[in-house]
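Notes follow once the structure below has been shown.
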Amino acid sequence: MIAVYAWLLLTADPVAEPLLDAPPLDWLTPRAPYGMDITLDGKVWVNTNRTGARDDYAILANDLYKAVTSGDKYRKVWIRGYHLRNANVTYRETKQLVTVDCQRDTIWVERKVYYSADGDVLANDGPSASEPVVPGSIGESWRDAICADGK
């Protein structure tokens, strides 16, 4: 019986390590004071506010890395919103493509998609007009993360 067990162990495929679709963790970790989420597809999202809030927001880690290390004037990222605790909305999740002009301190949403709890698309809209970043808003936390100098 032991021989059969040993043979099974030797011939079995090795357990695949989960692959993260993210920038280097030593770059990412200090930029995630509110933690990170990993979705089933291996994508890493950097939380931009404390989890457990009425609306939780996170920036796609790969986009954040490209935005910060590029030094470009216009920085584009995908932002996921999770709205489980917000009773004022009929959708569960949003994903929006956001561009920040770091020099002019403005932000605009190029595309926003609204999802049901089942993952079905409920609606989408965009683009929106460019607007100044409002102090104390979630947009300010996005701008702070996206416009940080972090090569």
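Just so you know, all these numbers are worked out from the coordinates, no wet-lab data involved. Note that the structure is predicted; figures quoted are calculated from it, not measured.
Straight-distance candidates among the lysines for linking to LYS95, with alpha-carbon spacing under 16 Å and chain neighbours fewer than 8 residues away dropped: LYS43, LYS76, LYS112.
With contributions of -39500 (n - 2.57) from each DSSP H run of at least four residues, the per-residue ellipticity at 222 nm computed over the chain stands at -6000 deg cm²/dmol.
Dividing the Cα convex hull volume of the chain by residue count, how many Å³ per residue is that? Numbers along the way, then the final one.
On the way: hull volume 25.5 nm³, N = 151.
Hull volume normalised by residue count: 169 Å³.
Relative to the longest principal axis of the Cα atoms of the chain, the long axis of helix 2-11 lies at roughly 40 degrees.
Using a Gaussian network model of the chain in which every pair of alpha carbons under 10 angstrom is joined by a spring, one finds that among ARG75, ARG54, ARG31 the greatest mean-square fluctuation is at ARG54.
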